[in-house]
Amino acid sequence: MTTTAPAPAAPKPVEPGAEPPPPERTRVSRWIPAAGVVAVWIVVWYFTKGTNTLALPGVARTDLHDELTEINNALLAGRDTNPVMQFTNSIADMLRSAFEWVQRMIVVPSPPRPVPEIGWLGVVAIATYIGLMIASWRIAVLVCLSFLSFGVLGFWQDSLDTLIVTGMSVAIVVVIGMPLAVLIGTSPRANKVVTVVLDLLQTMPTFVYLLPVVLFFGIGVSAAVVSTIFYALPPLVRIAGFGIREVSTTTIEATDSAGQTYWQRLRKVQLPMARKTIIVGLNQTTLAALSMATLAAFVNGPGLGKPVLAGLRINDVGAAFVPGVLIVVMAVMLDRTTTAASERAEKVARGGGGNVRMRRIVLAVGAVATLVAVYLSRTYLSLAEFPVYTIGDRLADGVNEVMDWVTDTFGGVTEVFKDFVTNWLLNPMQSLLAESPWYVSYVAISALALVFGGMRALVSTLVCLTGIWFFDLWHDAMITLTMTLVATVLVMVLALVFGVWMARDRRFDLGIRPLLDAGQTIPPFVYLIPVLALFGPTRFTAIVAAIVYAAPAAIKLVADGVKAVSPTTIEAGRSTGQTTWQEITKVQLPMARGSLVLATNQGLLYVLSMTVIGGLVGAGALGFDVVYGFSRSEAWGKGAAAGITIVLLGVMLDRITRAAADMRRDDGPGPRRAFNIRLPIGPPR
Amino acid sequence: MTAALSVDSLWKIFGPRSDKIIGTPDAELSRAELKTKTGNVVGVRDVSFDVAPGEVFVVMGLSGSGKSTLVRLLTRLIEPTSGTVTLNGMDITSASESQLRDVRRTQVSMVFQHFGLLPHRQVIDNVAYGLEVRGVSKKERRAKASEIVDLVGLTGYEMSYPDQLSGGMQQRVGLARALAGDPEMLLFDEPFSALDPLIRRDMQNEVIRLHRELGKTMVFITHDLAEALKLGDRIMILRDGAIVQIGTPDEVVAQPADDYVKDFVSEVPKAHVLTLKWVMRDPRPGESMDGPTLPVSTIVRHAARAAIASDAPIRVLDGDRLVGVVDEEDIMRVVVAEEAV
């Protein structure tokens, strides 16, 4: 999504003796023409509403959609003769057999044995030992307990399947991604090209990958792995490439002047100096992979996503809850382990790392214990197959009961809030956007794009809107756009309040930041579960889930932006006797404008990427179209069209906010840089 | 004796199609005019000079004068636009990648303003880096490096990491790294600008000491005139990428080439820099010629006591030859004049 904004020509200080720069024309605030456009729009809407809205009933399809379905069918029919499909199918076969091989090693019966090669005890022991080896005994305990919880709660196989998919994908991502990271870290030209591709990958809401991936790789584990690779690749390439690029030029120059070769520079200077950042990239990639691996349940991918999805489909919160919790457990485990491993590596590299001999003894004892456990798990059936407990089921029932009680008791409160947002924000906006004739909305949106983003934004907007119109889902697109905008407005309200608060109060920051980090670690799927329980399947549920998903990132961006305002400026302001309110509104927020725009941009895209997931819980519109397209083969074309429409909306919103950011003179390199390394989960800690 | 370093009409122009400008009338434009006309920026404009073996050659100018660019052109850390650089008879500007690498490994080392140390390596391995890229065995390079660490006064800090050292000590590491490869020439790019004044003075003395002990040829970039006068055998003053003046410290102070240089040196305590050469005069008729004698290279300040003690003017000798006389009044004029400023 990030078209690299052209490197900002830093305003050069005027050389002594030169002409003073021409005074800038004071620009009229962009909100005034914007309000004018909206006013005109409302007037036109009043007289024309309900005509030419291009509304399409829920399950109706157009010829275009059927043609897309035909193309899909033709491609599927030609699977055996089409060379591209043959190639992708052979890759799919390879992935599948690799997955099945690992599965036979640790989870499923490996014929002729009735149980896997290594039973559950061996698996837990190996995992614990890995935790001990790369991190510390604390992590080993965390890993051990996590693995045990997978089995005790009754999702042993699903959990391990998810881990295998995640692990395979991360391994492949590293093999593909590190060379790319080096390339974009060392060659500005390659950086530009690769960044465009990464942008595209990252603008696309997760679900849109799934459609073409299914077409070329079939459903099941291979589609899960391939889509996970696509999703998890950008963070590693971007962050690692960024780390390599940011290595101090003085150091490069100094070591170059010692006469080093390209490889010596890479191996001895650039990679070691970027190591910390590279590991952050790896951490982000792992979490992204986990989140996609669970979502891959939509394409029949194996793992914990399946029970969650099944629970959501029948609105059974309790059934979705337990696997949802396990996904969170797994995310926390992976996050802590990679973080602790990198900290440990850092310490060892600095000659620390505690008592070396003691550690060797512990590792040796651990290795022996692990081998014994593996042996036992191959010998005794009870140590090979995880025993069945009923805790998971009882937990699910308990959750259902609690949820019923909560809904009965607090239903009124949530209802009031829901009605307020629905009646005062959602309905009016949706009416304006979707009930205007399509050409009126078209012109109005373009005019707003021009006001906020200038010519560049206008051109992209025209292209995207025309595309949306072409795919015959205009009315649905407008409804989705409404929900996205409303959710983003609410996200930004949260971001401003909490972001400014965090920036001004260190203790509050320290308290809330771990929560935000946790929020960003959890795969989006999981958010739906509690929200669905509270608000039932409606548009509003989808919006709340999107807000919960998008808010942490936006809050952090605003907090960091406000915090980055130079203390000298704030001090200077205070010395003039400003009030706190004046300080926030006249100094901190204006100076953090770049971050605010970036937070809006990210908020929009995060929210939009929840569209399809929202479709599961009553969001309707494009999200429903995609879900419906997945479930009915004759509606494939409509689902594909909806997917493309979501992408077009995303590109349009991205371009407008990005262009709006570029029109600002005052944003420093900070926000721009953030644009360029856009992280799907969270900025490096 | 052949020059250790010889630079001939060296140009560096930054920007698109910069190679098309030299030789055209555009090359005569001022820096600002060229920038507006073509968008290119002149870094170094037609610079030529020679450095003798063992000499300390100081390049001085304000920021933006092109001095840092110039020093990078010498080993092609930045590619020159045109002109030649000859190092010990070898043409650097036409050298191949591997020849150039060889030059950097064995003949020229550089010390940087912001040190450029590797934060993930201990002092000893930072110092040994140049030897490492050459392929010297670990044992050998560590032995050599610890020798150099001792030489620059960092004994005991071998196993520290750069971020555990003060700025002055970090620059000693930078210096040690440059010396470890036993190069014939050292390049210094404003090495002490980032240090505070007392540390800076120590480091300057360190360089003087090392120069006395090792006798390396040095090219030293600075924006600090006092530093230039203190260290330099000769000083080259740059402005907007072009040479304004090349001369010994006393020449630059006594005969500034233009108002720019004059402005620069106006604050210098002249009595500390000028030699008798610049204040002596021909004997007046009837003047007593039996005063004490001093060589012509004596610094004015050091001649003051003798001049006050003697009634007759001091006779100034160049070798055995009488070249002029100087009396108390001549010397006082220099000392008092600058107090009046």
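The values are calculated or read from the model by the stated rules, or taken from the named source; none is laboratory data. Since the structure is predicted, the reported quantities are computational estimates derived from the model, not experimental observations. Methodologically, a virtual Cβ is constructed for each residue, glycine included, from the backbone with ideal geometry; neighbour enumeration extends over all protein chains shown. Note: areas computed on protein heavy atoms with side chains; ligands, DNA, RNA excluded. Shrake-Rupley method; radii C 1.70, N 1.55, O 1.52, S 1.80 Å.
What percentage of all Cα-Cα pairs in the range A:350-462 are separated by more than 25 Å? For the range A:350-462, the share of Cα pairs beyond 25 Å comes to 70 percent. The alpha carbons of the range A:75-227 give a radius of gyration and a Dmax of 19.2, 56 Å, in that order.
For the residues of B:132-142, the average number of beta carbons from a partner chain within 10 Å of their own beta carbon is 2. When the Cα convex hull of the range A:197-345 is projected onto planes of every orientation, the mean area is 11.0 nm².
Could you work out Rg/(2.2 N^0.38 Å) for the range A:182-282, with Rg from alpha carbons only?
Dividing the Cα Rg of the range A:182-282 by 2.2 N^0.38 Å gives 1.35.
Dividing the Cα radius of gyration of the range B:1-131 by 2.2 N^0.38 Å, with N the residue count, gives 1.19.
May I have the convex hull volume per residue, in Å³, for the Cα set of the range B:243-286?
Taking the convex hull of the Cα positions in the range B:243-286, it is 90 Å³ per residue.
Between A:A39 and A:T62, the FRET efficiency estimated from the beta carbon spacing at R0 = 30 angstrom works out to 0.35. Size check on the range A:117-177: the Cα extents along the three principal axes, sorted descending, read 36, 27, 21 Å. Solvent-accessible surface (1.4 Å probe) assigned to B:H302 amounts to roughly 110 Å².
Identify which of B:P80, B:P25, B:P295 has the largest mean-square fluctuation in a Gaussian network model of chain B, with springs joining Cα atoms closer than 10 Å. The residue with the greatest mean-square fluctuation here is B:P25. Placing a label point 7 Å from the Cα of A:E571 along the Cα-to-Cβ direction, none of the residues of the range B:160-174 has a backbone N under 12 Å of that point. For the range A:431-482, the equivalent ellipsoid built from the Cα gyration tensor has semi-axes of 18, 12, 8 Å, listed from largest to smallest.
When Cβ neighbours within 10 Å are restricted to other protein chains, what is their mean count per residue of peptide A:257-270? Spell out each step's value before the answer.
Details: counts 17, 17, 16, 8, 4, 1, 0, 5, 1, 0, 0, 7, 6, 0.
If you average over the peptide's residues, the count of other-chain Cβ atoms is 6.
For the protein assembly as shown, the residue among A:A345, A:V443, A:W156 whose Cα projects farthest onto the positive side of the dipole built from Cβ charges is A:W156.
Looking at chain B, I'd like the Rg to Rh ratio, where Rg is from alpha-carbon atoms and Rh is Kirkwood's inverse mean 1/r.
1.04
Our analysis of the range B:21-67 gives Rg over Rh at 1.09, with the two radii drawn from alpha carbon positions and Rh computed by the Kirkwood formula. Put a plus charge on the Cβ of each Lys and Arg, a minus charge on the Cβ of each Asp and Glu, and nothing anywhere else: the dipole of chain A about its Cα centre is then about 2360 debye. Across peptide A:245-255, the average count of Cβ atoms from other chains found within 10 Å of a residue's Cβ is 5. Ranked from largest, the principal axis spans of the Cα set of the range B:61-207 equal 46, 40, 25 Å.
If you take all C-alpha pairs in the range B:62-132, what percent of them are over 17 Å apart? Summing the P(r) tail past 17 Å for the range B:62-132 gives 52 percent. Within the straight-line cut-off of under 19 Å between alpha carbons, the aspartates and glutamates reachable from A:K418 are A:D404, A:D408, sequence neighbours fewer than 8 places apart in one chain being disregarded.
If you take the Cα centroid of the range A:317-356 and the Cα centroid of the range A:379-447, the two points sit 29 Å apart.
Could you check which residue among B:S109, B:S193, B:S30 shows the biggest mean-square fluctuation in a GNM of chain B with a 10 Å Cα cutoff? Maximum among the listed residues: B:S30. Eigenvalues of the alpha-carbon gyration tensor of the range A:262-353, scaled by 5 and square-rooted, set the equivalent ellipsoid semi-axes at 38, 15, 7 angstrom, largest first.
Once you treat every alpha carbon in the range B:271-340 as an equal point and sum by Debye, what is log10 I(q)/I(0) at q = 0.17 Å⁻¹? Reported log10 I(q)/I(0), two decimals: -0.52.
Calculated from the alpha-carbon coordinates, the range B:202-306 shows an Rg and a Dmax of 16.6, 51 Å respectively.
Each helix, a run of at least 4 DSSP H residues, gives -39500 (n - 2.57); summed and divided by the residues of the protein assembly as shown, these come to -20500 deg cm²/dmol at 222 nm. Taking the average, over residues, of other Cβ atoms within 10 Å as the packing measure, peptides A:650-659, B:324-333 rank A:650-659, B:324-333 from highest down.
Candidates B:V279, B:S297, B:V334 compared by Cα position along the dipole of the range B:271-340: farthest toward the positive end lies B:S297, with charges placed on Cβ.
Listed by chain and number, the aspartates and glutamates whose alpha-carbon sits under 20 Å from that of B:K262, ignoring those within fewer than 8 places in the same chain, are B:D224, B:E227, B:D233, B:D240, B:D250, B:E251, B:E338, B:E339.
For q values of 0.07, 0.10, 0.11 Å⁻¹, compute log₁₀ I(q)/I(0) with the Debye formula on a Cα-only model of chain A, without solvent. For chain A at q = 0.07, 0.10, 0.11 Å⁻¹, log10 I(q)/I(0) is -0.52, -1.07, -1.29.
Note down the relative contact order for chain A as a percent, whole number, built from C-alpha pairs under 8 angstrom at least six residues apart.
RCO, chain A: 21 percent.
Structure note, pairs A:K276/B:K12; B:K216/B:K270; A:K276/A:K586; A:K276/B:K138: Cα-Cα distances above 31 angstrom occur for A:K276/B:K12; A:K276/A:K586.
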